[in-house]
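Where a number appears in this text, it was derived from the coordinates with a stated rule and is not lab data. Fair warning: this is a prediction, and the values are worked out from it, not measured in the lab. When we count neighbours, we look across all protein chains shown, and the Cβ atoms used for this are built from the backbone with ideal geometry, even at glycine.
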Amino acid sequence: MANLCVRAARQSYLYLASPSLSRSSPRWLCTAAQRQNGQGPEDEAEKPEQSAAEKASAEEKSQLEGQLKEVTEKYKRALADTENLRVRSQKMVENAKLYGVQGLCKDLLDVADILEKATESVPKEEVTARNPHLKSLYDGLVMTEAQVQKVFAKHGLAKINPLDGQKFDPYEHEALFHAPVAGKAPGTVAVVTKVGYKLHGRTLRPALVGVAKAP
């Protein structure tokens, strides 16, 4: 560009004799040379416009990237929520299968208690061949009780019958009274008034017990 300006300045001396051309300055000639070379003021004005367009494009790209990141995070959270819902639903279905008979089993516990009390109330010395009718009745009650317990076991229902001297467990036992009992350590089961039951490891009915305490 500088060479063109110098060349134009040298050529201007050739036109000094002409009054019209003498009014033209080398600056004008340099500008003319720049226009001939395709580097006029219009090209220089386009540069800021190009910079503004690039800036706008960069801002739009940054905005789109932010939106993409936000949508991706929402998608991941939705997947996690869906998986949690699936796990909870599956757990509810499994619990429904396991504990769906809980109401029926709880109602049948009274029947099992009656059968147990009935067999315990019969004097064992009377159950002999001399009393065939009593013996048949007693044998029928024992068989019925055994069959009931077999059905209970089939559906995951197990008896809670704490041993004498077993430590009191508030999750499986319900204390009806506390009393000092000779030969019993404090906090242990002294007497069982009614057995309890568990359904698949969950206490359905606690065993009713008396607990020994310190004198």
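Some notes on this structure:
- With each label modelled as a point 7 angstrom along the Cα→C-beta vector, the residue 122-residue 182 pair spans 3.5 nm.
- Computed E for residue 137/residue 158 - FRET, C-beta separation, R0 35 angstrom, nearest 0.05: 0.80
- Of the chymotrypsin sites (Phe, Trp or Tyr not before Pro) found in the range 129-215, those that fall in a DSSP loop while having at most 10 other beta-carbon atoms within 10 Å are 171.
- Estimated FRET transfer efficiency (residue 214, residue 130; beta-carbon r; R0 45 Å; 0.05): 0.35
- Residue 200-residue 53 pseudo-label distance in nm [points 7 Å out on the Cα-to-Cβ vector]: 6.9
- Set 150/184; 97/154; 74/97; 91/194; 106/184 screened for pairs whose C-alpha atoms are more than 25 Å apart: 150/184; 74/97; 91/194; 106/184
- Once both labels are positioned 7 Å from their Cα atoms along Cα-to-Cβ, the gap between residue 172 and residue 146 label points is 2.5 nm.
- Rounded if a/c under 1.5, otherwise prolate or oblate - the range 134-215, Cα gyration tensor axes: oblate
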